[in-house]
Amino acid sequence: MSKDNITAAIDVGTTKVCTLVGDYDRDGVVQILGIGISPSRGLRKGMVVNIDETVESIAESVEKAERSSGCKIVSAQVGIAGGHISSLNNRGVVAVNRSDRIIGDDDVARAMESARTINIPSNREIIHIIPRSYTIDGQDGVKNPVGMYGFRLDVEAHIVTGAVTSIQNLTKCVQKVGVEVEDLVLQPIASAESVLTEEEKEMGVVLADIGGGTTDIGVFIEGAIWHTSVLPIAGHHLSNDIAIGLRTPFSVAEEIKARYGHAFPSAIDPDAKIDVATFGAEGTRPILTRHLSEIIEARIEEILELILVEIKRSGYEGLLPAGLVLTGGTANLPGIEALAKEVTQSPVRVGFPIGIGG
């Protein structure tokens with residue numbers, strides 16, 4: 001970026017590409033200076049399938065953000081997701097080297113490097129290695145060991161990996177626009193930083209970012225991330241169900257989902273109707289709004305049930321009293337919060353960015 005304290009972020013999603021330019025004020029709060037949103041082309045389920053179309057979408061988004069912020073974007077943090085993402089937890093152990101046995105930054109770095117030594121296939125790459133907690137001579141639950149006394153330092157780390165081809169294709173697309181990739185950030189981790197409170201992360205909470213092509217899941221316990229995964233099902237499947245169920249073009253299905261969509265049929269007037277465009281020369285035909293809502297409800301229920309299966313698979317289902325926080329474009333559907341509470345039988349809220357101005 002053109003100034004030291006200005007930063008940029010690019011979220012290359014299945015539905016849209018969003019570029020943000022922000023600046024830190026004196027209190028450390030991010031002030032948004034500019035934003036650029038463009039329709040996404042060339043991506044499927046969060047992964048690049050057409051480089052030229054993806055480059056065009058990114059370029060359009062970056063140009064809009066530069067125009068609205070008045071800043072030239074030369075580097076950015078880039079969000080990554082997709083079905084190729086997987087995660088695991090690993091432990092690293094080192095002896096404290098210093099004669100006074102005071103743990104320093106170098107000891108922490110060696111412990112993290114020790115945790116990194118895992119066997120992964122040559123076609124996969126580590127995206128993140130995040131410390132969950134530290135243990136000093138058997139005393140666990142340490143958040144920051146630097147400056148503490150000890151002989152042995154253990155770290156529990158959460159490691160996120162992705163397919164090399166998917167990572168390289170996304171990086172190449174951003175670089176072709178003339179923007180250097182400062183770092184790749186897993187999208188549920190970025191979303192969590194924006195919408196979760198410290199108390200929720202400490203108590204135990206699940207974040208579900210339901211986008212266009214993927215649903216990104218993050219499990220947070222004791223203030224740290226314990227599990228991440230990406231489900232290849234999201235808002236596009238919803239629009240496809242509407243298009244098939246109402247026999248209407250996909251673009252029309254997207255529009256009526258945004259204008260009339262509701263995830264809780266019992267909240268809809270049973271006699272309310274809307275006119276829906278159809279294929280061929282028929283023009284439009286009336287359909288019950290509740291019928292549209294029933295189609296949406298069925299797919300949202302499936303997504304929520306898959307989230308529950310993933311939580312159960314993680315092994316942390318009994319450690320999440322703060323429940324579920326929904327975010328992403330599909331979380332804007334009216335009635336989704338009520339439906340999620342009914343399906344999951346736990347606290348649910350729709351998350352919005354906190355601690356951001358501008």
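Just the number: Rg to Rh for the range 30-141, Cα atoms, Kirkwood Rh, two decimals.
1.14
Using alpha-carbon pairs under 8 Å, 6+ residues apart, how would you state the relative contact order of the chain in percent? Show your work: numbers first, answer last.
Details: 791 pairs, mean separation 55.5, N = 358.
Reported as a whole number, the value is 15 percent.
Taking all protein chains in place and a 1.4 Å probe, what share, in percent, of the accessible surface of the range 175-238 do carbon and sulfur account for?
Of all accessible area on the range 175-238, carbon and sulfur atoms account for 49 percent.
Of all accessible surface on the range 307-353 at a 1.4 Å probe, what whole percent is carbon and sulfur? If you can, show how the numbers build up before the last one.
Details: 1290 of 2280 Å².
Roughly 56 percent, rounded to a whole number.
Can you list the HN-Hα couplings for the range 29-44, worked out from phi with the Karplus curve (6.51, -1.76, 1.60; θ = phi - 60°), rounded to whole Hz and with x for Gly and Pro?
Coupling constants for the range 29-44: 8, 6, 10, 6, 9, x, 9, x, 10, 9, x, 8, 10, x, 10, 9 Hz.
At most 16 other C-beta atoms within 10 Å and a DSSP loop state: those are the exposed GluC sites (Glu not before Pro) I care about. Give me the longest piece of the chain that has none.
Details: sites that count: 222, 282.
For GluC sites (Glu not before Pro) (loop position, at most 16 other Cβ atoms within 10 Å), the longest site-free span of the chain is 1-221.
Provide the three semi-axes, in whole Å and in decreasing order, of the ellipsoid equivalent to the range 206-309 as defined by the square roots of 5 times the Cα gyration tensor eigenvalues.
The answer is 32, 15, 9 Å, longest axis first.
Averaged across orientations, what area in nm² does the convex hull of the alpha carbons in the range 269-356 project?
So the Cα hull casts an average projection of 8.7 nm².
Within the range 134-151, what residues put their amide N at less than 19 Å from the label point 7 Å along the Cα-to-Cβ vector of residue 99?
149-151
Considering the chain as a Gaussian network with a 10 Å cut-off on Cα pairs, which listed residue, 251, 86, 61, attains the greatest mean-square fluctuation?
So, out of 251, 86, 61, the one fluctuating most is 251.
Take the Cα atoms of the range 248-305, build their convex hull, and give its volume per residue in Å³.
78 Å³
Is there a pair in 176/312; 172/312; 257/312; 172/201; 176/201 whose C-alpha atoms are over 32 Å apart, and which pairs would that be? Each step should come with its number before you reach the end.
Working: 176/312 41 Å; 172/312 36 Å; 257/312 30 Å; 172/201 34 Å; 176/201 37 Å.
Result: 176/312; 172/312; 172/201; 176/201 exceed 32 Å.
With each label point set 7 Å from Cα along the Cα-Cβ vector, what nm distance links residue 68 and residue 35?
0.5 nm
Can you give me the Kirkwood hydrodynamic radius for the chain, using every pair of distinct Cα atoms, in Å to one decimal?
After inverting the mean inverse Cα-Cα distance, the result is 22.2 Å.
With θ taken as phi - 60° and the coefficients 6.51, -1.76 and 1.60, list the Karplus ³J(HN,Hα) couplings across the range 153-161 in order, rounded to whole Hz; mark glycine and proline as x.
Result, ordered by residue: 10, 10, 10, 9, 10, 9, 10, 10, 10 Hz.
Just to be sure I understand: of the beta bridges DSSP finds with both ends in the chain, what percent are antiparallel, rounded to 5?
Of the beta bridges lying entirely in the chain, close to 75 percent run antiparallel.
Using 7 Å Cα-to-Cβ label points, what is the residue 338/residue 277 separation (nm, one decimal)?
In this crude spin-label approximation the distance works out to 3.1 nm.
Can you compute the helix-only [θ] at 222 nm over the chain? Use -39500 (n - 2.57) per DSSP H run of at least 4 residues, normalise by all residues, nearest 500 deg cm²/dmol.
When only DSSP H runs of four or more count, the value is -10500 deg cm²/dmol.
In a GNM of the chain with a 10 Å cut-off on Cα contacts, which of 14, 214, 248 has the highest mean-square fluctuation?
Looking only at 14, 214, 248, the largest GNM fluctuation is found for 248.
Using the heavy atoms of the protein chains and a 1.4 angstrom probe, tell me the accessible area per residue for the range 195-266 in square angstrom.
For the range 195-266, the per-residue accessible area is 35 Å².
Residue 351's amide H: which non-local residues (gap 5+, or another chain) put their own amide H closer than 5 Å, with H modeled 1.01 Å from N in plane and none for Pro or chain starts?
The list, which skips near neighbours in sequence, is 326, 327.
Can you pull the percent of the range 1-142's accessible area that's carbon plus sulfur, 1.4 Å probe, other chains left in place?
47 percent
Against the longest principal axis of the chain, how steep is helix 164-176, in degrees 0 to 90 to the nearest 10, with axes from Cα atoms?
80 degrees
The values are calculated or read from the model by the stated rules, or taken from the named source; none is laboratory data. Here the structure is a predicted model, which is why all the values come from computation and not from measurement. Reconstructed Cβ throughout: ideal geometry from the backbone, glycine too, with neighbour counts over all protein chains shown. To get the accessible areas, we keep the full protein, side chains included, count just its heavy atoms, and leave off ligands, DNA and RNA. Shrake-Rupley method; radii C 1.70, N 1.55, O 1.52, S 1.80 Å.
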